[in-house]
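Engineer: Before I ask anything, here is the structure I am working with.
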Amino acid sequence: KLSAFFRGTKESSEKFQHIDGKDPQPYVSAIYIYPVKSLRAVSLQSCQLSSFGLKNDRCLMVVKPRLVPPSRRNPSSHRFITQRQAPSLATINASIPTIPSEKEVGLYISLSHRGNENECSRISKEKQQPIRIDVSDNALRRYSKERKYLVGIWDDVVEVADVGDEAAEFVQAILEKDSLANGNFQDVRVVTIIPSTKRELDKRYLPYAAFHDLGTVPRISLSDGFPILIASQKSLEELNRRLLKKGKDVLPMSRFRPNIVISGIIEPFDEDHWKAVRIGDCLFHVVKGCPRCKQSCTDQNTGKCSEEPLVTLREFRALGSSKTDVYFAQNAVANNASCGKEIRVGDSVRVITRGKPVWDMDAVKAQ
């Protein structure tokens, strides 16, 4: 069923308390998904793995019509929008899909806005009211019949379906501030992935073991390039140590928008060398480092932008062929045999194989 694409996560606000033994043991200290690409994170206690990555992660996104018409070279009619262009997206909450009550039919993702007083006074009370997006089987079929687009995500072209005017108008109202500074966002739309999409990962970075049966390339939803991002708490501590040394404020992990946060690692950036990792009962292939763009400079609560962490990262994390892209955290792919299994906060992490770090083969052109 189509709505099965949206199920399988359990939201929780509980804190996990890890009890260390004599020898430090890496473990999962946090799990996050982003039901709508570039909106706020949802913290989970556990999450099921799907063929696209973590269940419910980046199933919807915000898009904008392209200024030029589709062509044979670029058939997309729309382009994805993120906090890189519209930082105010960071002030929008998106829930995991839920069934409101036994009497109601549907599976809904809720959008709500939490900005500062100035922002709230700028947006009418009517447009600040939370809205719901139906992502049930019937709704997805209806969206697919009514309005579909070909959307550009980096170099990929993905077929998506528009989820309606209410969601679009809600986001447009919040992005009015960004329209004044960074261009017009009053024509943005909210779209959902079509589960039958066959957007494939960049196989140049995939180890043979990451391919599915008969050499099939794993799929991805609406993430930038790879389905899962693993970050190390120890690496963040090293970055913050350098920031404090310069008299600057420390930064939270939310700046890097990871899916899985690992604590209990002895050395910062040890994850650069990971190749295969077992988390609980699930196997992951670590494929390459994640280049950071100006989105990491956006406060994930307020939407305000600053120069950090990019300035400090350039001092010690400018890596790869160009020596200009800076890296923090590692992109990963779940092994096909782990599809349907769950990871949980508190799961032990065991590094199975190590190797040389992998960075982008081409210079990254962040949008």
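Engineer: Between a first residue in the stretch 176-204 that is closer than 19 Å to THR216 by Cβ and of a type in the set (S, T, N, Q) and a second residue that is modelled with pLDDT of 85 or more and not in a loop (DSSP other than H, G, I, E, B), which pairs have beta carbons less than 9 Å apart while being 6 or more apart in sequence or on different chains?
Structural biologist: Here the result reads SER196/GLU159; THR197/VAL158; THR197/GLU159; THR197/VAL160; THR197/ARG219, each pair linking the stretch 176-204 to a residue that is modelled with pLDDT of 85 or more and not in a loop (DSSP other than H, G, I, E, B).
Engineer: Something else now. Would you call GLY289 buried (at least 19 other Cβ atoms within 10 Å of the Cβ) and at pLDDT below 95?
Structural biologist: no
Engineer: A follow-up question, please. From the list ALA318, ALA337, ALA276, ALA329, pick out the single residue that is under 23 Å from ASP57 (Cα atoms) and free of Cβ contacts under 8 Å to residues at least 60 places away in the same chain.
Structural biologist: Answer to the selection: ALA337.
Engineer: Here's something else I'd like to know. Kindly provide the set of residues from the stretch 198-218 that are touching a helix residue (DSSP H, G or I) at 6+ places or on another chain (Cβ under 6 Å) and β-branched (Val, Ile, Thr), ordered by number. Please lay out each step first, then the result.
Structural biologist: Going residue by residue through the stretch 198-218, those that are touching a helix residue (DSSP H, G or I) at 6+ places or on another chain (Cβ under 6 Å) are 212, 217.
Passing the criteria: only VAL217.
Engineer: Could I ask something else about it? Quick check on the stretch 106-117. Is at least one of its residues modelled with pLDDT under 90 and not in a loop (DSSP other than H, G, I, E, B)?
Structural biologist: yes
Engineer: Applying the selection to the stretch 54-87, what residues are assigned to a loop (DSSP other than H, G, I, E, B) and in contact with a helix residue (DSSP H, G or I) (Cβ under 9 Å, 6 or more places away or on another chain)?
Structural biologist: LYS55, ASN56, CYS59, THR82, GLN83, ARG84, GLN85, ALA86
Engineer: Which ones in the stretch 299-342 are hydroxyl-bearing (Ser, Thr, Tyr) and open to solvent by 10 Å² or more (accessible area, probe 1.4 Å)? Reasoning before the result, please.
Structural biologist: First, the residues of the stretch 299-342 that are hydroxyl-bearing (Ser, Thr, Tyr): 302, 306, 312, 321-322, 324, 327, 338.
Correct list: THR302, SER306, SER321, SER322, THR324.
Engineer: While we're on this one: Just name the residue that is farthest from the chain's Cα centre (by Cα) out of those in the stretch 150-163 that are open to solvent by less than 70 Å² (accessible area, probe 1.4 Å) and of a type outside the set (A, V, I, L, M).
Structural biologist: ASP162
Quick grid of which residues meet (1) acidic (Asp, Glu); (2) more than 18 Å from ARG314 (Cα to Cα); (3) touching a strand residue (DSSP E or B) at 6+ places or on another chain (Cβ under 8 Å):
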{"site": "GLU238", "(1), (2), (3)": "yes, no, no"}
{"site": "LYS246", "(1), (2), (3)": "no, no, no"}
{"site": "LEU251", "(1), (2), (3)": "no, no, no"}
{"site": "ASN259", "(1), (2), (3)": "no, yes, yes"}
{"site": "PHE269", "(1), (2), (3)": "no, no, yes"}
{"site": "ASP272", "(1), (2), (3)": "yes, no, yes"}
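The values are calculated or read from the model by the stated rules, or taken from the named source; none is laboratory data. Note that this is a predicted model, so its numbers are computed, not measured. Neighbour counts are summed over all protein chains in view; Cβ atoms, including those assigned to glycine, are modelled from backbone coordinates with ideal geometry. With ligands, DNA and RNA removed, areas are computed over all heavy atoms of the protein, side chains included. Shrake-Rupley method; radii C 1.70, N 1.55, O 1.52, S 1.80 Å.
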